[in-house]
1. For residues that are under 25 Å from Ser181 (Cβ atoms), in a helix (DSSP H, G or I) and over 28 Å from the mean Cα position of the chain (by Cα), tally how many sit in segment 104-158.
2. Considering only residues that are free of Cβ contacts under 8 Å to residues at least 60 places away in the same chain and of a type outside the set (Val, Ile, Thr), look in segment 44-61 and name the one that is farthest from ligand 1 (Cβ to nearest atom).
3. Examine segment 16-38 for a residue that is under 30 Å from Gly304 (Cβ atoms), of a type in the set (S, T, N, Q), surrounded by 14 or more Cβ atoms within 10 Å (Cβ to Cβ) and at pLDDT 90 or above, and state whether such a residue exists.
4. Taking the stated definitions as given, is Gly51 in the same structural domain as Ala189 (by TED's automatic domain parsing), surrounded by 18 or more Cβ atoms within 10 Å (Cβ to Cβ), modelled with pLDDT of 95 or more and within 30 Å of Asp7 (Cβ to Cβ)?
5. Filter segment 74-114 down to residues that are surrounded by 15 or more Cβ atoms within 10 Å (Cβ to Cβ), over 20 Å from Leu198 (Cα atoms) and among the β-branched types (Val, Ile, Thr), then give me how many there are.
6. Looking at Gly68, Gly56, Gly49, Gly61, which one is in a loop (DSSP other than H, G, I, E, B) and under 28 Å from Ala83 (Cα atoms)?
7. Within segment 123-139, does at least one residue satisfy the condition of being over 26 Å from Phe72 (Cβ atoms) and among the acidic types (Asp, Glu)?
8. Residue check, Ala270 against (1) surrounded by 19 or more Cβ atoms within 10 Å (Cβ to Cβ); (2) assigned to a loop (DSSP other than H, G, I, E, B), all met but one. Which one?
Amino acid sequence: MTLLALDRVSRVYAGHRGLFGRARPVRAVDEVSLVLDAGRTLGVVGESGCGKSTTGRIALGLEPPDSGSVRFEGAALPPPNTAAWRRQRARMQLVFQDPLAALDRRLTVAAQIAEPLAIHGIGSGADRAERVAQLLADVGLRPDLGRRHPHELSGGQRQRAVLARALATDPVLLVCDEPVSALDVSIQAQVVNMLLDLQAARGIAMLFISHDLKVVRQVSHEVAVMYLGRVVEQGPADMLFAEPVHPYTQALVSAIPTPGPRRAARIVLAGDPPNPAARPPGCAFHPRCPVAIARCASETPALGHAQDGRLVACHLAATQAPTGIAA
Ligand SMILES: Nc1ncnc2c1ncn2[C@@H]1O[C@H](COP(=O)(O)OP(=O)(O)O)[C@@H](O)[C@H]1O
Ligand SMILES: [Mg+2]
């Protein structure tokens, strides 16, 4: 069942003005379509500035798209700050990279986990204390940590506390924006495993945003690869990681550290890292693409179905125009 559907959403920012010259608009998100089924995880990957966070905020209705639409549980998102919007917000929660910024330094962890219960009028006082204790256990935090303040916890414990609070309202969707990127690698694995356990136990769907393909591969059923605001390849995670079609995906996958001898040569991309304020014409990836042809510099490739069903935006991949997204 489709839980979340983004249909050709775009978002343009005014952009910063340099010392000289005029501000150039930034196409942060450009005609992005995504579909996430209930209980599944859609990974969104790409380098910094490619529009992942903006896509996440649009999905949650925290930011309106300039064009395109978002449907959640079959309906358009209600206008922000209405009662319907607040009800809906309880069903979709955001977890982002910096747990200290997400938490209130003055409140104990238990008080913060109880907060959404009070806001949404879930349970009585005694029920809430019980629920908070259960949520702490669900995210693997000792009960006594509930009495501490955020700065008294480790980074991993703080992110668990943020998750406990996000889970308090029983959401069906978590948008996780770089949720483990600030954590040590050993702690990352623990938090990732906890997310997988929570998903299995509660059937939550996740929009999992990260620049780290290794982490995305661990959690995702489907993956969308973004480059300068556009999706360049999308499909089942196992397929995409085993046989990436787009040259950009190929380069990203080749750079994933893998132990052992079975390792393809790493593709090192030429040229400058992508600059959202100076989007190259044609295929935005063409200046760095090892196989680009003349057409790539002038004509933007549409996202089309490759033979195996996945979506690819590349002139050099044999694709057919998609028949439209299922919503
Ligand atoms: N609120 C904003 N105002 C102006 N520009 C923004 C804003 N948010 C994001 N951008 C710009 O949009 C582009 C995409 O940003 P973002 O979605 O944060 O990418 P990512 O999460 O992939 O790093 C970047 O160039 C960024 O500077
Ligand atoms: Mg981001």
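The values are calculated or read from the model by the stated rules, or taken from the named source; none is laboratory data. Computed from a predicted model, the values in this text were never measured in an experiment. Note that we place each Cβ from the backbone using ideal geometry, even for glycine, and neighbour counts take in every protein chain shown.
1. Of the residues in that region, 2 qualify.
2. Top of the filtered list is Gly61.
3. Our first condition is that a residue be under 30 Å from Gly304 (Cβ atoms); within segment 16-38, this holds for 24-38.
Retained after the next criterion (residues that are of a type in the set (S, T, N, Q)): 33.
If we keep only those that are surrounded by 14 or more Cβ atoms within 10 Å (Cβ to Cβ) too, we end up with 33.
In the following step, the residues that additionally are at pLDDT 90 or above were identified as 33.
Yes: segment 16-38 contains one or more residues that are under 30 Å from Gly304 (Cβ atoms), of a type in the set (S, T, N, Q), surrounded by 14 or more Cβ atoms within 10 Å (Cβ to Cβ) and at pLDDT 90 or above.
4. Details: in the same structural domain as Ala189 (by TED's automatic domain parsing): yes; surrounded by 18 or more Cβ atoms within 10 Å (Cβ to Cβ): yes; modelled with pLDDT of 95 or more: yes; within 30 Å of Asp7 (Cβ to Cβ): yes.
Yes: the conditions hold for Gly51.
5. 1
6. Details: Gly68 fails: in a loop (DSSP other than H, G, I, E, B); Gly56 fails: in a loop (DSSP other than H, G, I, E, B); Gly49 fails: under 28 Å from Ala83 (Cα atoms).
Unique residue meeting the criteria: Gly61.
7. We begin by selecting, within segment 123-139, every residue over 26 Å from Phe72 (Cβ atoms); these are 124-130, 132-134, 136-137.
Filter again for among the acidic types (Asp, Glu), leaving 127, 130.
So far as segment 123-139 goes, yes, one or more of its residues are over 26 Å from Phe72 (Cβ atoms) and among the acidic types (Asp, Glu).
8. (1)
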